[in-house]
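**Q** What follows is a single structure, and I will ask about it in a moment.
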Amino acid sequence: MIGSMLVVGFLAAASAPGPKPVLEQPYRVVLDAGHGGTNGGCHTADGSTHEKDIALVLAREVEVELERRLPHAIVVMTREDDATVALADRVAAANAQGADVFVSLHANASPRHDQAGFETFVLDAEASSVEAALTARRENEGGRAAPEPGGAAPQAQLMIEQLRAAAHRAAAIALAQSIQREQAQRFPDRADRGVRQASFDVLLGVRMPAVLFEAGFLDHPGDQGVLLEAAQRHEVASGIAAALVDHYRRTARGRQGG
Ligand SMILES: [Zn+2]
């Protein structure tokens, strides 16, 4: 019996699409707490709490929660304290790390104090500097290809960069959708403002899937409660971490080649 069971087991293992023993892939996450130092960002209606502080607390909570859920993940913070960090330095740090994903954390305020809800931004491809740079390069190189030493290599390189940018953008959209979904599940009564596109400086030039999460409106009483009250804010952080785990599971499968 043992022999035939082994055969059955072997056949089942060979044909079943079920879970294979998985060696975890490296996963490096950059958490960017928005603003900081002399750049406070927006603030609550009474001015007592600034966006930079909420962003940092939230980033720390996401870090803890992500490391709990995915112990092998490496989390890199663009700032650990109330430091002034230039946008270019945040981008450069993320690129230098060769990170797998970049998440910038922010809170919002509205001119008439009447907006509420959470939203996730991906870089608008039309407006992105990646596209602008690629276009500029095409223009500079001249569409009709003055013959150069090296021949087709620059064109091939350009194509690879375009494909990479498109893949990162698709992954960023999937991550953004996942972040929104996780928040909506945890906060069914809050306004889900969806996934949106914009050209944020901090997302420009990031060579990995990158999103910017606006956790809520600090000048809205309901949102302010969510972001200032520890238990609720922890749920926000937990949702972001869950989306990052989800992102890892999706992309790690891809990297294993199925
Ligand atoms: Zn901000």
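The values are calculated or read from the model by the stated rules, or taken from the named source; none is laboratory data. Because the structure is predicted, anything quoted here is derived from the model rather than measured. Cβ atoms come from the backbone with ideal geometry, glycine included; neighbour counts cover every protein chain shown. Each accessible area value is taken on the protein alone, full model and side chains, heavy atoms only, with ligands, DNA and RNA left out. Shrake-Rupley method; radii C 1.70, N 1.55, O 1.52, S 1.80 Å.
**Q** Using a 1.4 Å probe and counting only protein heavy atoms, arrange 173, 54 so the residue with the most accessible area comes first. Working shown, then result.
**A** On the way: 173 55, 54 10 Å².
Of 173, 54, the descending order of accessible area is 173, 54.
**Q** Working with all protein chains in place, sort 164, 90, 250, 190 by solvent-accessible area computed with a 1.4 Å probe, largest first.
**A** Numbers: 164 120, 90 5, 250 85, 190 35 Å².
Solvent-accessible surface, decreasing: 164, 250, 190, 90.
**Q** Can I ask one more? Please state, to two decimals, what the Cα-based radius of gyration of the range 167-228 comes to when divided by 2.2 N^0.38 Å (N = residues). Mind dumping the intermediate values first?
**A** Working: Rg = 13.1 Å, N = 62, 2.2 N^0.38 = 10.6 Å.
The value comes to 1.25.
**Q** A further question follows. To the nearest 10 Å², what's residue 219's accessible area with a 1.4 Å probe?
**A** In the full protein context, residue 219 sits at about 10 Å².
**Q** Using only the alpha carbons of the range 44-123, what is the convex hull's orientation-averaged projected area in square nanometres? Don't skip to the answer; put the middle values down first.
**A** Working: hull surface 27.5 nm².
For the Cα atoms of the range 44-123, the hull's average projected area reads 6.9 nm².
**Q** Next up: If you place +1 on the Cβ of every Lys and Arg and -1 on the Cβ of every Asp and Glu, how big does the dipole about the Cα centre of the range 167-258 come out, in debye to the nearest 20?
**A** Numbers: 12 positive and 10 negative charges, 135 e Å.
Roughly 640 debye for the range 167-258.
**Q** Give the accessible area for residue 84 in Å² (nearest 10); use a 1.4 Å probe, count only protein heavy atoms, and leave out ligands, DNA and RNA.
**A** For residue 84, the solvent-accessible surface is approximately 90 Å².
**Q** So for each of 210-216, 96-102, 46-52 I average, over its residues, the number of other beta carbons within 10 Å; can you give me the resulting order with the highest mean first?
**A** Working: 210-216: 26.6, 96-102: 19.0, 46-52: 16.3.
Averaged packing, sorted descending, gives the order 210-216, 96-102, 46-52.
**Q** Separate question: Write down the accessible area per residue of the range 174-258 in Å², having rolled a 1.4 Å probe over the full set of protein chains. All intermediate terms of the calculation are to be shown ahead of the outcome.
**A** Values: 3540 Å² over 85 residues.
Per-residue accessible area for the range 174-258 comes out at 42 Å².
**Q** Can you give me the solvent accessible area of residue 87 with a 1.4 Å probe, rounded to the nearest 10 Å²?
**A** 80
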